[in-house]
Every structure is written in C-alpha cells, then in structure tokens.
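Below is one structure, written out as structure tokens, with a few remarks after it.
FYI, it's all coordinate maths here, none of it is from the lab. All of these numbers come straight from a predicted model, not from anything done at the bench. Here the Cβ positions follow ideal geometry from the backbone for every residue, glycine too, while neighbour counts run over all protein chains shown.
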Amino acid sequence: MNNTDFEPMNPMEETAQPEMQADRPQGAPQPRRAQKMRQERPKVRRVGFFTLGIALILTGGCIAASMILPDFPLFTVAKLAPLVLVALGVEVLWANARKGDAQLKYDLLSMFVCFVLICASMGAATLPILLRYYGPDREYTERRLEQELEEHLNEKLPDGIVLDGYSYVDLNRMEFDREMTLADLKTEDLVRVNLTLAGAYADENAFAEACAQMLPALRELGVDQVDFHSENGDDQWELQIGGPFQMNASAQELAVQVTHMVRYWEDDSYTWWDEDELTEHLAEQENTDRQEPQPEADSTEITMEQAGETSAEVTAMENG
C-alpha cells in the first residue's frame with residue numbers, strides 16, 4: 001500500500017476554507033459534517049395551531065349562517081363555545097402520544113386566540129339574555145300593558161270613588177310576546193295598582209268598606225298588589241294589601257290593616273302623625289312645658305316699681 005505524505009495546511013489556507021464554502025453553489029453537495037448537524041437537530045411539533053384553525057372555521061361559518069338564516073340558533077351554538085377547550089386538550093394528548101423523537105412546542109398565540117373566541121362566544125350568549133330582561137322590547141311591553149290596565153280600571157271601577165291612580169307591570173320571565181295582552185300574564189308576573197280614593201271617611205271601617213268594593217274588579221284584571229290612599233282635610237287613610245288571601249279579604253278583615261294619619265301644624269308647616277302617637281307627643285310636650293321654671297322678672301323693673309311705691313307713700317304723708 002502506497003503511503004502518501006500530506007502536508008499540513010498553513011494558516012492562510014485554513015482561513016480561506018470558509019470563504020471557499022461560501023462561494024460554493026447552492027445546489028452543490030455540502031460537507032458531511034454539516035449534513036450530520038442538520039440530521040441531529042430535533043423536530044418540533046406545534047400544538048394548538050390545528051384547534052385554532054377549526055375554531056376559526058366554525059366561528060366564521062356560524063356567523064355567516066346567522067346572517068343568511070334568520071332562524072339559525074346562534075344562541076345555542078354560542079353555548080357550545082367551551083368545546084374549544086375540549087378540542088385543544090385532545091390535540092395536546094394526540095401530539096404527546098405521536099411526538100416520538102420530536103419536541104412539542106405549545107403555540108401560545110393560538111391558545112390565546114382560542115381563549116378570546118371562547119370569551120366572545122360567552123359574551124354573545126349572554127347578550128340576548130340581557131336584552132330580553134333590560135331591552136327596549138320588555139320596557140315597551142310593560143308600559144303598554146300598564147296603559148291597557150288603567151283603561152280597564154277606568155271602565156270597571158265604580159264612578160266617583162277613584163280620584164287618581166296608576167299601575168305597574170313587571171314581567172318576571174325571559175320569554176314573552178311583544179304583542180301580549182293582560183290575559184297572557186302568568187303567575188310569576190307582578191301587577192300592582194295605586195289608587196287615590198275621593199271623599200271623606202269617618203273611621204277605618206268606612207275606608208275599608210270602600211276598598212273592599214273594588215277588590216272583585218281588581219282580581220278580575222289580575223292585580224296582585226293594591227295601595228289605597230285617601231286624603232281629606234287633616235285626615236289621611238292608607239291601606240296596602242297583596243297576595244290571594246288579602247285580595248279576597250272582607251271589609252272587617254281589611255279594617256285592621258288601615259292606617260289613619262292626622263295632620264299636625266307647627267310653625268307654618270305640617271307633618272303627618274298617627275293619631276295615638278300624636279296624642280302621646282302632645283301630652284309629653286305639655287308636661288315638659290309645665291316642668292320648665294318660670295322666668296324671673298327683670299331686677300330693673302322691680303327696682304323702678306319699688307321706687308314708685310316709695311315716692312307715692314312720701315307724697316301721701318306730706319299731704320296728710
């Protein structure tokens with residue numbers, strides 16, 4: 001076997017070797033050392049990118065379908081938004097089982113976008129609920145029912161007994177018909193009426209009798225609560241009832257709940273008092289006035305009176 005003598009490269013040749021590699025054409029084969037380094041570099045699998053793509057496709061498709069189809073259940077689809085997390089977990093498990101020698105890299109940007117999609121979907125699912133409870137359709141329906149109720153009250157209540165009144169309707173449910181009437185009200189809905197009665201009343205029994213006359217018409221219209229009020233001169237009468245038992249009570253039973261207030265004037269202003277409390281207050285005030293000491297007469301006035309009496313006596317003695 002022939003031996004070939006190799007001469008060592010001088011420093012200039014070693015320096016020129018990288019430049020020669022840089023001038024090598026792109027398609028030319030590279031040295032074995034570079035190929036070995038490229039093969040040893042581990043593969044990287046990105047996790048989350050697939051779920052992001054699926055989420056974007058489904059979200060865009062649902063939004064487009066809701067614009068084209070008026071009856072598309074977008075509210076129901078928005079409730080399924082947490083399934084994006086399920087899909088992301090499945091992708092993580094699948095990538096971990098098939099990674100082999102590859103290195104997993106979690107795509108944080110894709111996961112963040114999925115989180116934003118979930119939050120937006122949950123917000124879209126909550127928005128219809130808020131609109132149903134606080135939106136203009138509910139307010140419009142309640143005001144229209146209140147006006148309809150007041151018209152029926154004006155027709156059914158006895159003439160001359162009601163001086164003024166207003167109603168309050170609250171639909172305590174999410175689903176309702178915008179064109180519903182009083183007949184469509186349910187037990188969970190609240191119907192309240194405030195009535196101001198005319199005339200004067202001698203006592204609680206008379207006021208309760210006037211209120212009891214209107215209960216049948218109020219029950220027929222579906223009223224749940226009633227506030228009766230009357231003011232005549234220095235007397236004020238009030239009665240608040242609600243519920244099926246009180247709405248079906250007799251005049252004698254209602255008289256126990258009547259509140260009688262009396263107007264009390266003091267320093268050009270007045271306040272309303274319970275009759276018994278006002279009597280007790282006036283008695284205490286009278287006792288306080290009696291216990292207060294009487295103010296003593298001014299010493300100057302007393303001295304002048306004594307001096308006048310002395311001068312009168314002196315004058316009388318001189319004349320005598």
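Miscellaneous remarks
- Label sites at Leu85 and Leu108, each approximated as a point 7 angstrom past Cα along Cα to Cβ, lie 2.1 nm apart.
- Approximate spin-label separation Thr196-Val92, in nm, with each point projected 7 Å along Cα-to-Cβ: 6.7
- For segment 182-211 versus segment 241-269, the spacing of their alpha-carbon centroids is 11 Å.
- Between Gln291 and Glu209, the simple spin-label model (points 7 angstrom out along Cα→Cβ) gives 4.4 nm.
- All-pairs Cα distance distribution in segment 138-291, expressed in whole percent, bin size 10 Å: 10, 33, 27, 17, 8, 3, 1
- A Förster radius of 41 Å, combined with the Cβ-Cβ distance separating Gln147 from Trp272, puts the computed FRET efficiency at roughly 0.85.
- If R0 is 51 Å, the Cβ-Cβ spacing of Thr76 and Ile161 corresponds to a FRET efficiency of close to 0.45.
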